[in-house]
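Worksheet: one structure, shown below.
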């Protein structure tokens with residue numbers, strides 16, 4: 001009888017841990033990769049889907065941007081005005097605490113001039129991401145220079 005209680009308890013615990021397991025989420029690196037791909041290809045809808053509804057971005061020398069539509073519209077206009085040909089993000093560090101993730105990365109943008117000269121711009125980017133109900137990660141706060 002004593003063994004039955006232990007087996008019963010272990011069975012219940014294993015079932016409850018199965019149900020409590022988080023839904024698999026896209027990795028933080030996948031969010032960065034999708035962001036870069038969307039930016040490079042001018043895919044505004046894909047870019048908007050990476051931000052929470054109440055997301056805020058703090059670009060250098062600009063007003064605070066609120067919401068995925070404003071953020072992606074700013075990034076699209078920046079991409080067109082500056083004429084980036086290639087953009088990349090290299091993750092430096094990340095920390096996940098519960099449903100919040102903090103990432104730091106280095107970014108680099110390359111523009112090729114008509115004469116073939118490359119202009120390289122670079123800086124750093126910090127994101128605070130929030131795990132969504134479906135387990136995916138979305139950017140809640142973003143700042144870069």
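Residues 140, 80 in ascending order of nearby Cβ atoms (within 10 Å, fewest first): 80, 140.
Give the residues of the range 112-145 whose amide nitrogen is closer than 16 Å to a point set 7 Å from the Cα of residue 54 in the direction of its Cβ. Zone members listed by number: 128-133, 138-142. Alpha-carbon geometry of the range 25-144: the Rg and the Dmax are 14.2, 50 Å, given in that order. Between residue 102 and residue 45, the contour length at 0.36 nm per residue exceeds the Cα-Cα span by 18.2 nm.
As a proxy for reagent exposure, 111, 131 were ordered by neighbouring Cβ count within 10 angstrom, fewest first; the result is 111, 131.
The numbers here are math on the coordinates, done by the rules we state, and not lab data. Only a predicted model underlies this, so the values are computations on that prediction, with no experimental measurement involved. Because the Cβ atoms are built from the backbone with ideal geometry, glycine has one as well, and the counts that use them run over all protein chains shown.
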